[in-house]
Amino acid sequence: VYRVYWLWLINSQMRSPFYFIVTPNKGKRYDNTVEWDGNEFVTSTSEEDFRFANRKAIVKELPLGYDGPIKKGDTLLVHHNAFKFYNDMKGNRRSGKSFFKDDLFFIEHDQFFMYHNGTQWNAHDRFCFVKPIEVQDSYIYKPLSEEPLMGTMVYPNGYLTSKGVKKGDQVVFTPDSEYEFNVDGEKLYRVFDHQITMKL
C-alpha cells in the first residue's frame with residue numbers, strides 16, 4: 001500500500017523524496033552515433049557495451065527538500081548503467097533499476113559524479129577527475145603510452161580544494177582506482193578523493 005501511494009505521489013507531483021528525476025541527454029540512452037558529412041553513423045549496435053552508454057542526464061526535477069547547488073536543467077555525469085538496457089534470464093529486454101517511465105529515470109546521489117551548471121563541470125561528493133599524462137622520459141623502459149598512477153587534476157572536489165589540491169596540479173593515485181570517462185571529448189579518470197595519495 002505504501003509503495004502504491006508513493007508512486008501515485010511521484011506521478012502527481014513529479015518529484016521524489018530521495019532521487020533526481022532526469023532524462024537522457026538528447027533523448028538517447030546510448031551515445032553510439034557520430035555525424036559525418038551531414039549523415040549520422042552508428043558506431044556500435046551492442047546494448048551491453050558500457051562504453052557506448054549515454055553518461056549525460058538532464059535534470060527535470062530535484063529531490064523534495066534538496067537545497068544543494070544543482071538546479072533543474074543542469075547536466076549530470078552519471079553511471080554507465082543508468083540508462084542501459086539488459087536482457088533478463090528469459091532473454092527479454094529490460095530497463096535497469098533507475099527507470100521510472102517513458103524517458104524519465106531516478107538518479108541517486110551516488111549514481112552521478114559531476115554536474116554541469118551551464119558554465120562548467122563541477123565534481124560531486126567524494127569524486128574528482130584526473131587527466132592521464134604521457135609517459136615520462138626514464139632510464140627504465142616503460143612500454144606504456146601513459147604514465148602509470150599519475151595525472152593532472154582537472155576537476156577537484158571541495159575536500160581536495162580545502163587540502164590545497166587545485167586544477168592543474170600533478171597528482172598520484174592508488175592502483176586500480178581510475179574509472180575512465182570521456183568528458184566533452186577529453187579522456188579523464190574518475191577517482192575517489194581518498195585515492196589521491198600525493199600532490200607533486
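Data for the structure
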read-out: The stretch 17-42 residues that are touching a residue at least 40 places away in the same chain (Cβ under 8 Å) and within 19 Å of LYS84 (Cα to Cα), paired with ones that are open to solvent by 60 Å² or more (accessible area, probe 1.4 Å) and assigned to a strand (DSSP E or B) (beta carbon under 7 Å, 6 or more apart); value: ILE21/LYS60; VAL22/LYS60; THR23/LYS60
read-out: Within the stretch 168-189, tally of residues that are of a type outside the set (Asp, Glu), under 19 Å from the mean Cα position of the chain (by Cα) and open to solvent by 30 Å² or more (accessible area, probe 1.4 Å); value: 4
read-out: Test: residue in the stretch 116-127 that is farther than 14 Å from LEU76 by Cα and not acidic (Asp, Glu); value: yes
read-out: Pairs, first in a helix (DSSP H, G or I) in the stretch 48-59, second of a type in the set (Phe, Trp, Tyr) and open to solvent by less than 40 Å² (accessible area, probe 1.4 Å), C-beta under 8 Å, six or more apart; value: PHE52/TYR30
read-out: Residue match in the stretch 3-10 (condition: of a type outside the set (Ser, Thr, Tyr), assigned to a loop (DSSP other than H, G, I, E, B) and at pLDDT below 95); value: no
read-out: Residue check for PRO63: surrounded by 11 or more Cβ atoms within 10 Å (Cβ to Cβ) and closer than 25 Å to PHE192 by Cβ; value: yes
read-out: Top-ranked residue of the stretch 32-60 - restricted to ones that are under 13 Å from the mean Cα position of the chain (by Cα) and farther than 30 Å from PRO17 by Cβ, ranked as least open to solvent (accessible area, probe 1.4 Å); value: PHE52
read-out: Hits in the stretch 88-121 - residues which are open to solvent by 40 Å² or more (accessible area, probe 1.4 Å) and under 14 Å from the mean Cα position of the chain (by Cα); value: GLU108, HIS109, ASP110, HIS116
read-out: Close pairs from the stretch 96-119: first free of Cβ contacts under 8 Å to residues at least 60 places away in the same chain and assigned to a strand (DSSP E or B), partner buried (at least 17 other Cβ atoms within 10 Å of the Cβ) and of a type in the set (Phe, Trp, Tyr), Cβ under 7 Å, at least 6 apart; value: PHE99/PHE105
read-out: Residue in the stretch 133-155 that is over 27 Å from VAL34 (Cβ atoms) and within 16 Å of the chain's Cα centre (by Cα) present; value: no
read-out: Count of the stretch 68-80 residues which are open to solvent by 40 Å² or more (accessible area, probe 1.4 Å) and modelled with pLDDT under 95; value: 0
read-out: Number of positions in the stretch 128-156 that are under 26 Å from GLY68 (Cβ atoms) and buried (at least 21 other Cβ atoms within 10 Å of the Cβ); value: 6
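The values are calculated or read from the model by the stated rules, or taken from the named source; none is laboratory data. Treat the numbers as computed from the prediction; the structure is a model and nothing was measured. Positions of Cβ are generated from backbone atoms using ideal geometry, with glycine treated the same way; all protein chains shown enter the neighbour counts. We work out accessible area using only protein heavy atoms, side chains counted, and drop any ligands, DNA or RNA first. Shrake-Rupley method; radii C 1.70, N 1.55, O 1.52, S 1.80 Å.
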